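Enquirer: Provided herewith is a single structure, encoded as structure tokens, for subsequent inquiry.
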Amino acid sequence: MTNTVINGGQVSQGAGNGYGVRLETCTGSPTFTMTNVLGGTNNNGTRTGFAAQGMSCTPVLSGSTVRGCESGANCAGVSCSNNSACSVTNTTIRGASGTASTTAYGVRCATSGCGRFSGNTITVGTLGGNGTTGMGIDIVGANPSIDDNDISGPMCPNGVGGNAVLNAAHFSNTTALVTNNIMRDMACNGVVDVVRYDKAQAAVSVLGPTIHSNTIQFTTCNGCPIKRGMLITAPAGGNLGAAGVVRNNIFRNAGTANYGNGYAVRENDASSDLQFFENNDLWAPMGGTLYVDEGNLPLLLVAINALTGSGGNINGDPQLDPMFHIPMTSPCRNAGTMTGAPALDFDGNTRPQETMYDIGADEFVP
């Protein structure tokens, strides 16, 4: 399907579900190119722009625009589940494109769904004052490859519910490979964790995601609550082993005020240890916190690098330009590790360009 507009329509009464495209146990790889898809409009029910499920269903979506809804209680741009390894490239995906929603997702990957997502712009949209959940990409029980995307959290200028879950990216029960992405918050009057990793009960056997060579940006502001680059949690009473690999990432507070409410990384409790935390740049200036260990102990750089599985981390302004590139003078230049590093950066430049790998989604080209 090429150069086509698909609109899920409008339900005038009741809740119900609506889809722009729904592929259920399809066979093969139906292809959608330069297609504009809208899940539909109404104020109740669930609206999904593009949905696929089933092991034999491996759709390909490229160069397109997908929106979950213009308004609605529960909206998702793209949802792939039940072993559907959908592939999405160079596509603009938005959960809620119009007025404020209660719950909105850009992308949802569940029960072994999703294959490769690359070169996409993925956004949540706007949550209303009673908003409960806003996630750019939500990966639960699936193991996709997420590379070279611009992923942002929700906009919620009028605030949200007190227990709202607000993330650019959320991971649980997954070994997803996450590389070369820009992951960032948007203007939101709520507690935001740009990246959230919820360890599963089986974390001893599930290694967790590999989050490598990304640029993760959080933004403190006047009147705003806590903003965190990454939060790691574990189930209550879990006493779980270390899981999750975090290497060569920039965690940067880009705020202009209220710096003390900025946290680069926080472990929620004693079971939230990562397996590896190496060669990351933690920038939370002017009273911000670099790393909270086991839910209560703020650490400085020396103590962070002394943690089991940790080392090579730095604390310096990455000096990012508006397009998230680093300059020659950035402390992230030649400060990364080669272990597990991707072969290219988010511009397609070869890594490394010099003697060592750079930290973040960008590899400096001399």
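Enquirer: Give the separation of the Cα centroids, the range 50-110 to the range 309-359, in Å.
Expert: Answer, in whole Å: 31.
Enquirer: Want the number for Met34 to Asn189: 0.36 nm per residue separation, take away the alpha-carbon distance, what's left?
Expert: Details: separation 155, 0.36 × 155 = 55.80 nm, distance 3.48 nm.
Working it through step by step, the gained length comes to 52.3 nm.
Enquirer: Could you compute how much accessible surface His325 exposes when probed at 1.4 Å, giving the result in Å² to the nearest 10?
Expert: Roughly 50 Å² of His325 is accessible to a 1.4 Å probe.
Enquirer: Roughly how many Å² of Leu300 are accessible to a 1.4 Å probe, to the nearest 10?
Expert: Only protein atoms counted, so the area is about 130 Å².
Enquirer: Can you give me the distance in nm between label points at Asp347 and Val60, each placed 7 Å from the Cα along the Cα-to-Cβ direction?
Expert: That separation, rounded to one decimal, is 2.9 nm.
Enquirer: Rounded if a/c is under 1.5, else prolate if a/b beats b/c, else oblate: with a ≥ b ≥ c from the C-alpha gyration tensor eigenvalues square-rooted, which is the range 217-340?
Expert: Numbers: a/c = 2.09, a/b = 1.21, b/c = 1.73.
Cα axes put the range 217-340 in the oblate bin.
Enquirer: Here's something else I'd like to know. What is the percent of Cα-Cα separations in the chain that go past 30 Å?
Expert: Pairs farther apart than 30 Å: 34 percent.
Enquirer: Pop the C-beta distance of Val365 and Met286 into the FRET formula with R0 = 30 Å and round what comes out to the nearest 0.05.
Expert: Working: r = 31 Å, r/R0 = 1.04.
The computed FRET efficiency comes out at 0.45.
Enquirer: Same structure, new question: Rank Thr46, Thr220 by accessible area, highest first, at a 1.4 Å probe radius?
Expert: Sorted by accessible area, descending: Thr46, Thr220.
Enquirer: For the chain, with all protein chains present and a 1.4 Å probe, just round the carbon and sulfur fraction of the accessible area to a whole percent.
Expert: The computed percentage sits at 51.
Enquirer: Grab the DSSP H runs of the chain that are 4 residues or longer, score each as -39,500 (n - 2.57), total them, divide by all residues and round the 222 nm result to the nearest 500 deg cm²/dmol.
Expert: Calculated mean residue ellipticity at 222 nm is -500 deg cm²/dmol.
Enquirer: Once you have the Cα-Cα distance between Val302 and Thr355, take 0.36 nm times their residue separation minus that, and quote the gain in nm to one decimal.
Expert: Gain on stretching Val302 to Thr355: 16.6 nm.
Enquirer: Ok, one more. Return the Rg/Rh value of the range 1-120, two decimal places, where both radii are evaluated on C-alpha atoms and Rh is the Kirkwood radius. It would help to have the intermediate numbers written out before the result.
Expert: On the way: Rg = 13.0 Å, Rh = 13.6 Å.
Using only Cα positions, Rg/Rh for the range 1-120 is 0.96.
Enquirer: Normalised by the residues of the chain, what does the relative contact order come to in percent, with Cα pairs under 8 Å and at least six apart?
Expert: Here the relative contact order equals 9 percent.
Enquirer: Give me the accessible area per residue for the range 230-366, probe 1.4 Å, as a whole number in Å².
Expert: So the range 230-366 comes to 41 Å² accessible per residue, rounded to a whole number.
Enquirer: Here's another thing I want to ask about it. Expected output is a single nm value to one decimal: the length gained when fully extending between Met1 and Asn163, i.e. 0.36 nm times separation in residues minus the C-alpha distance. What is it? Please report the intermediate quantities before stating the final value.
Expert: Details: separation 162, 0.36 × 162 = 58.32 nm, distance 4.12 nm.
Between Met1 and Asn163, full extension yields 54.2 nm more.
Enquirer: Another question about this same structure. For Leu61, Leu177, give the ranking by accessible area with the largest first, probe 1.4 Å.
Expert: Largest accessible area first, the list is Leu177, Leu61.
Enquirer: Now, a different point. Going by a 4.7 Å Cβ-Cβ cut-off, which cysteines of the chain have no partner at all?
Expert: Result for the chain is Cys332, no neighbouring Cys Cβ within the cutoff.
Enquirer: Could you pull the Rg and Dmax for the range 40-102, using just the Cα atoms, both in Å?
Expert: Both quantities, over Cα of the range 40-102: 12.2, 36 Å.
Enquirer: If the only charges are +1 at each Lys and Arg Cβ and -1 at each Asp and Glu Cβ, what is the size of the charge dipole of the chain around the Cα centre, to the nearest 20 debye? Present the calculation step by step, with values, prior to reporting the outcome.
Expert: Numbers: 16 positive and 24 negative charges, 172 e Å.
Rounded to the nearest 20 debye, it is 820 debye.
Enquirer: In addition: Compute from the Cα atoms of the range 132-208 the Rg and the Dmax, the latter being the longest Cα-Cα distance, and quote both in angstrom.
Expert: 13.1, 41
Enquirer: Dividing the convex hull volume of the Cα atoms of the range 81-194 by its residue count, what figure in Å³ per residue is obtained?
Expert: It is 84 Å³ per residue.
The values are calculated or read from the model by the stated rules, or taken from the named source; none is laboratory data. Note that the structure is predicted; figures quoted are calculated from it, not measured. Note that each Cβ is placed from the backbone with ideal geometry, even for glycine, and that neighbours are counted across all protein chains shown. Areas reflect the complete protein model, heavy atoms only, side chains present, ligands, DNA and RNA absent. Shrake-Rupley method; radii C 1.70, N 1.55, O 1.52, S 1.80 Å.
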